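Colleague: My questions all concern the structure below.
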Amino acid sequence: MLGHIESITIHIPEQRKSLAEVGLTLGLTALDVRMFSRFYGLESFPRHPGTVDDLIRQLLEQFVATHPDVITRVRHVVHAHTVPTLRPFHETGRAVLDACGFAQDTEYGSLTMGHCATSLSGVEYLCSRLKDGEYALLLIGEKAFHPKVELLDDTTIMGEAGCAVLLGRSGDRARVIARHSEQAGQFSQHKGNEPRTNPEFADAYFAFVSNAMRRAAQHFDCALDALDWIAPHNVNLSSWQKIADALAIPRTKFFLQNVPRYGHCFGADPYLNLAALIRGQQLSPGDKVMLVSVGMGATFSSLLLELPAGNEIPVFCNLKQYPDMRPN
């Protein structure tokens, strides 16, 4: 066992853009918009009006307000992000930590090389550095600041949300049993002038993810049909439905309800989906949940969670209702 998830704190911007609005700014055709809606299930996308540091600051302020007795025991804070560089090289996110009252000797860093899968791979890294009684905080959140970041052609559209996952080595809450990651390095080379999606990767994607999930189940010593839920990244509905069918897993075991609500929020998706399951009281004592994400490049990463008491992880969110669905 790697450690425990002690809490999940979420910041989802109140501001939203509809698929029609995003389509206009991205120059999508009417056919593109119908495809993203009818086949991919995308409808609404949170948009934060400020910078990435503004998003993370609001997230950390929420975390501090709900965890006043924990701050001094947080020894490591890591920001897992998809875009390799979030700010000018001479700036770091350390200033945001200092402004929120974290101790000067709290170690701060970032992880990125797995892109959207980094938020899952980073859990083992953080837990391995903790002693009993210490905590680590995994931060996820970034901006869809440019069309080439906001849109993955014929695949998905990005949302913006922040997530802070509190991790510990000991405790009684959700157990992180193990991690499994794989890479397909042949898709990692880019010349800078290529299309936003690699057609060869699109062709290989389904086999890559399906086979990786089979090997993850073997690594976890847990059959896929023994999983109670799968909380994946929110790339789109049709791709996960196709993978579910290929693996002979009921589609209902994949939590996909957040795809139309928030779009693909980079590395935050699996935790947003886990939090939605908990808020919806959909977990039973002893349930096993697999978190799954895939990053460009390509990296597959997954975690196996076991929840002794079911809906036991405290979830804190800025929204009065989470998950929410508002009309566009």
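Every number in this text was worked out from the coordinates using simple rules, so none of it is lab data. Note that the coordinates shown come from a computational prediction; the quantities given were computed from them, not determined experimentally. Because the Cβ atoms are built from the backbone with ideal geometry, glycine has one as well, and the counts that use them run over all protein chains shown.
Colleague: Note down the magnitude of the dipole of the chain about its Cα centre, charges +1 on Lys and Arg C-beta and -1 on Asp and Glu C-beta and zero elsewhere, to the nearest 20 debye.
Modeller: Here the chain has a charge dipole of around 280 debye.
Colleague: Continuing with the same structure: Could you tell me the ratio Rg/Rh of region 74-160? Both radii from Cα atoms, Rh via Kirkwood.
Modeller: Expressed as Rg/Rh, it is 1.02.
Colleague: For Asp153 and Thr25, calculate 0.36 nm times their separation in residues minus their Cα-Cα distance, and state this gained length in nm to one decimal.
Modeller: Between Asp153 and Thr25, full extension yields 44.7 nm more.
Colleague: Let me ask you something else. Ratio of alpha-carbon Rg to the 2.2 N^0.38 Å globular estimate for region 3-168, to two decimals, please.
Modeller: 1.13
Colleague: Where in the chain is the longest stretch that carries no GluC sites (Glu not before Pro) classed as loop by DSSP and with at most 13 other Cβ atoms within 10 Å?
Modeller: The answer is 92-328.
Colleague: Within the chain, what's the longest stretch lacking trypsin sites (Lys or Arg not before Pro) that sit in DSSP loops with no more than 10 other Cβ atoms inside 10 Å?
Modeller: Looking at the chain, 1-130 is the longest stretch - no exposed trypsin sites (Lys or Arg not before Pro) with at most 10 other Cβ atoms within 10 Å.
Colleague: For the chain, with a Gaussian network of springs between Cα atoms less than 10 Å apart, report the residue from Thr29, Thr82, Thr118 with the top mean-square fluctuation.
Modeller: Thr29
Colleague: Now for a different question. Each residue of region 89-105 in order: what ³J(HN,Hα) in whole Hz does its phi give by Karplus 6.51 cos²θ - 1.76 cosθ + 1.60, θ = phi - 60°, with x for Gly and Pro?
Modeller: Couplings: 4, 7, 10, 9, x, 4, 4, 5, 4, 4, 5, 9, x, 6, 5, 4, 8 Hz.
Colleague: Still on this structure, please answer the following. Count neighbours as other Cβ atoms within 10 Å of each site's Cβ, and list the chymotrypsin sites (Phe, Trp or Tyr not before Pro) in region 72-160 that are DSSP loop with at most 16 such neighbours.
Modeller: In loop regions of region 72-160 (DSSP not H, G, I, E or B), the sparsely surrounded chymotrypsin sites (Phe, Trp or Tyr not before Pro) are Phe89, Phe145.
Colleague: Simple spin-label model, 7 Å along Cα-to-Cβ: Asp245 to Arg73 in nm?
Modeller: 4.9 nm
Colleague: Now for a separate question. Roughly what would the spin-label model give for Gln281 and Ser238, points 7 Å off Cα along C-beta, in nm?
Modeller: Simple spin-label model gives 3.7 nm for this pair.
Colleague: Pairs Lys143/Lys288; Lys17/Lys320; Lys253/Lys288: which are spaced more than 23 Å apart, C-alpha to C-alpha?
Modeller: Lys143/Lys288
Colleague: Quote the FRET efficiency, to the nearest 0.05, computed for Asn211 versus Arg94 with a Förster distance R0 of 35 Å and r equal to the Cβ-Cβ distance.
Modeller: So, using R0 = 35 Å, E works out to roughly 0.30.
Colleague: Apply the membrane-span-like helix rule to the chain: whole DSSP H runs, Cα extent along the own long axis of at least 27 Å, mean Kyte-Doolittle hydropathy at least -0.5. List the helices found.
Modeller: Those that clear 27 Å and a mean of -0.5 are 199-220.
Colleague: To continue, here is another question. Length gain on complete extension for the stretch Lys131 to Ala226, per 0.36 nm per residue less the alpha carbon to alpha carbon distance?
Modeller: Extra length available between Lys131 and Ala226 comes to 31.0 nm.
Colleague: If r is the Cβ-Cβ distance from Gln218 to Asp324 and R0 is 35 Å, what FRET efficiency results, to the nearest 0.05?
Modeller: 0.40
Colleague: Still on this structure: Report ³J(HN,Hα) in whole Hz for each residue of region 156-167, in order, from the Karplus equation J = 6.51 cos²θ - 1.76 cosθ + 1.60 where θ = phi - 60°; Gly and Pro get x.
Modeller: Whole-Hz 3J(HN,Hα) from phi for region 156-167: 6, 10, 7, x, 10, 7, x, 9, 10, 10, 8, 10.
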